[in-house]
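The numbers here are math on the coordinates, done by the rules we state, and not lab data. Computed from a prediction, not measured in an experiment: that's the story for all the values here. FYI the Cβ positions are ideal-geometry reconstructions off the backbone, even for glycines, and counts take in every protein chain you see.
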Amino acid sequence: MTVTQTTTKSDADAPAPVEKEHLRRLLATGERPAPPSAFTSARAFAWRSMLKIKHVPEQAFDILLFPIMMLLMFTYLFGGAIAGGTGDYLQFLLPGIMVMSIVMTTMYTGMSVNIDINKGVSDRFRTLPIWRAAPMVGYLLADVFRYAAAGAVMFGTGLVMGYRPEGGATGVLLGVGLLLVFCFSFSWLWTWLGLITRSEKTVMSISMSIMFPLTFLSNIMVDPSTMPGWLQPVVKNTPISQLVDGVRGLFDGNVSTASVATTLIWSAGFIAVFGFLTIRAYNRK
Amino acid sequence: MSQRDLAIRAEGLVKHFKDVKAVDGVDLEVPAGTVYGVLGPNGAGKTTTVRMLATLLRPDAGNATVFGRDLISDAASVRSQVSLTGQYASLDEDLTGFENLVLLSRLYGYGKPAARGRAADLLEAFGLTAASGKQVKAYSGGMRRRLDIAASIIVTPKLLFLDEPTTGLDPRSRNQVWDVVRTIVGEGTTVLLTTQYLEEADQLASRIAVIDTGKVIAEGTPGQLKSSVGAGSIRVRLHHADQRGHAQQILVEALAGEVALDDDPVALTARLAPGHDTAVQGSHALGELARAGILVDDFSLGQPSLDEVFLSLTGKVDA
C-alpha cells in the first residue's frame, strides 16, 4: 500500500494571522520619503534582474552555452569549406560570431518586458512616482552584465581553440565595449515591441524574423565580396555589418574609425527613435 | 459635499477598447476617509474604471480629480497619493516576498537599510515572516493577496484601490483581508474597493455604486440600496416532510411575501417584500412555526443576492 501525501498550497502552510496593532503602527509611520533619483530607481530594477538570474538559473545556460555552441559549430562546420582551415577561419569568425550570439540574446529583453505587463507587475511599477524609463533601463543594465559574461566566455573558448587577437587586450576590451554599447541601444527596439505586442510568443516571432536576416545577411560568416553584386551594398551597410567591422577591426588591431563611428551613430539613432517610442507606448498603455 | 472632502470626483468617464465601450460615462463621488464599494458582475467596467483612476489608462472622455488633482494633466501628482492592488497580484513571482518589498521600498525612495527594515516589518505585520524567503510563485492565493496589500502600504497612501481583493480566496483568507481593509481605513486612508459580492460591499463599504455595462445604475449607502432592491429571503428546512404544507400556510400568514416549495422535499423559501427587515421577519416566522409545533432542522436568513440586485435594477438576470 502506498501512502500519498498531498500538500496543498492554501492552508497546509497557513500563514500567521495579521497583526493589527503592528499594522496600525506601520500605517502611522509610512511617511513618503523623497522619491528616488533616476539612477537609483534604474539600479533597483537592475538588481531585480540580477535576482531573477539567481532564482531562475536556467536562463544562464541560454546565455552561456548558446554562444559556445555557435562558436564550435560554425568554426568546425564551415572553417574547411570557407577558409581552407579552421585556424584561419576562427581568426576571422570569432569577433563576428560573438556579435551574432550576443545581439541575438538581446531579444529576451522584449520578452521580459512583455511578461511583466501580462503578469500585472508592471501595473505596480507604473503607479510609482519614479522615472518612467527606469524599469527598461534597469533591464538593459542587468543585460549588459550578461552580455559581458557571454563575451568573456566566448573569448575564453576562442583562446583555447587557438584564437589570437592582434589588437591586444586594449583592442579586445574596446571591441567588447563597442558591442555592449550597441546592444544596449539596439535593445530599445525590443522594449518597444515588448510593450506593443500581445504576448511573449508574438515578441519572439517578430524578433526572430528581424534577427535572422540581419545577422545572416552580414559579414559575420563570410566576406561580402563573395556575394552577388546587387546584394553587397545592402549587406555592407547594415548596422550589424558595421558593428562587426568595428569589433573585428579592434580585435585585429586594424580598425577603421568609419565603422566605429557609424556604429555609434546607429546606436544613438536606436536610442533616439525606439527609446522615444518605448516611453510613449509605456505612458499610453 | 464640498470639493475638499472628496477623495475622488469623476464625471462622465468613458473608455473604449476597439468597438467595446468598457466604461460608458461613469460619475463617482468618493468621500475621503471611507470605504467606497464599486459593485458589479464580471465585465461591468469595474477594473477599467479603477485603472483609469489609478492613472494606468487614459480616459477617452470625461474628467476626474483625486484629492483635487487632475487625473490627466497632473498624473504624477495623483500617483504620489494612490496605491493599487490589482485583480491579479502585481508582484514579481520569481522573487521572494522579502525581495519584492525591498525592491518596491527602494522605488518609493527608502535607502537600502530602511527598505530592508520596512520590508521585514510589513511581512511581520501581515503574518508572512515565515514565508519571507520563499518565491512568490509558491505563495497561496491568500498570502499573495496579503503581500500585495503590504506592497501597497509601503508608503501609507491617501487613497488605496483594491480591485476584487477577495475573489478566489477561501473564507478565512477573505476575513483576514476584510480586517486589513478595516484597519487601513481606521488609520485615515480612503479605500475604493471593487467587488462582485454584495455581502463584501455591505460588510466594508459606507457607500456603494452599482455598475453594469459601463454605467453606474444605482448609488447609495448599503441600507438604501438593499431597501430599494428589496427582498431578503428566509429558508427553512423541516424535520418532517409531511409538515411542509402546514408550514407554508403559517409562513404565508406570518410574512409579507411569497413562499415557495423547494426541490428538496423538506425545504421551503420565503421571499420578503422590499422594505422589510429580514432579521425581524425571520425571528417572527421562527416563533410562529414553533408555536404550531413544527420541527425545524435548519433556518437561514439570506441577503438579496447580487443576481437579485441586478434583476431588480436592470430588469434582467445577469449571468
For chain B: relative contact order, % (alpha-carbon pairs under 8 angstrom, 6 or more apart)
19
Cross-link reach from residue B:112 to aspartates and glutamates, straight Cα distance under 15 Å and at least 8 residues apart if same chain, gives B:99, B:121
Among A:272-280, B:50-58, A:254-262, what's the highest-first ranking by average C-beta atoms within 10 angstrom per residue?
B:50-58, A:272-280, A:254-262
Using the charge dipole of segment B:231-303 (Lys, Arg: +1 at Cβ; Asp, Glu: -1 at Cβ; taken about the Cα centre), state which of B:236, B:259, B:285 has its Cα farthest towards the positive end.
B:285
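Counting pairs of alpha carbon atoms under 8 Å apart in space and at least six apart in sequence, what relative contact order in percent does segment A:37-284 give? Present the calculation step by step, with values, prior to reporting the outcome.
Numbers: 303 pairs, mean separation 65.8, N = 248.
So the answer I get is 27 percent.
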What ranking, highest mean first, results for peptides A:168-180, B:97-109, B:197-209 when packing means the other Cβ atoms within 10 Å averaged over each residue?
B:97-109, B:197-209, A:168-180
Which helices count as membrane-span-like in chain A under these terms: full DSSP H, at least 15 Å along the axis by C-alpha, Kyte-Doolittle mean of 0.5 or more?
A:58-83, A:86-105, A:134-161, A:168-186, A:200-216, A:257-270
Where the centroid of each part is defined by its Cα atoms, how far is segment A:141-212 from segment A:213-255 in Å?
16
Dipole in debye (nearest 20) - the protein assembly as shown, about Cα centre, beta carbon charges: Lys, Arg +1; Asp, Glu -1
1780
Any of B:46/B:226; A:52/A:236; A:119/B:46 with alpha carbons more than 27 Å apart? Name them for me.
A:52/A:236
Where in chain A is the longest stretch that carries no GluC sites (Glu not before Pro) classed as loop by DSSP and with at most 14 other Cβ atoms within 10 Å?
A:32-165
Ranking A:180, A:141, A:260 by how far each Cα lies towards the positive end of the charge dipole of segment A:37-284 (+1 on Lys and Arg Cβ, -1 on Asp and Glu Cβ), the top one is A:141
Reachable aspartates and glutamates from residue A:201, criterion Cα separation under 18 angstrom, eight or more residues apart if same chain:
A:62, A:116
Setting aside same-chain residues fewer than 8 positions from residue B:21, which aspartates and glutamates have a Cα under 20 Å from its Cα?
B:11, B:60, B:163, B:212, B:318
Computed over segment B:231-303, the distribution of all Cα-Cα distances in 10 Å bins, rounded to whole %, is 22, 61, 16, 0
Inverting the mean 1/r over all pairs of different Cα atoms, compute the Kirkwood radius of chain A and quote it in Å.
21.3
In the protein assembly as shown, if every C-alpha pair distance is counted and binned at 20 Å from zero, what percent goes to each bin?
17, 39, 28, 12, 4, 0
Scaled by the rule-of-thumb 2.2 N^0.38 Å, the alpha carbon Rg for segment B:3-227 gives a ratio of 1.00
So for each of B:146-154, A:66-74, B:256-264 I average, over its residues, the number of other beta carbons within 10 Å; can you give me the resulting order with the highest mean first?
B:146-154, A:66-74, B:256-264
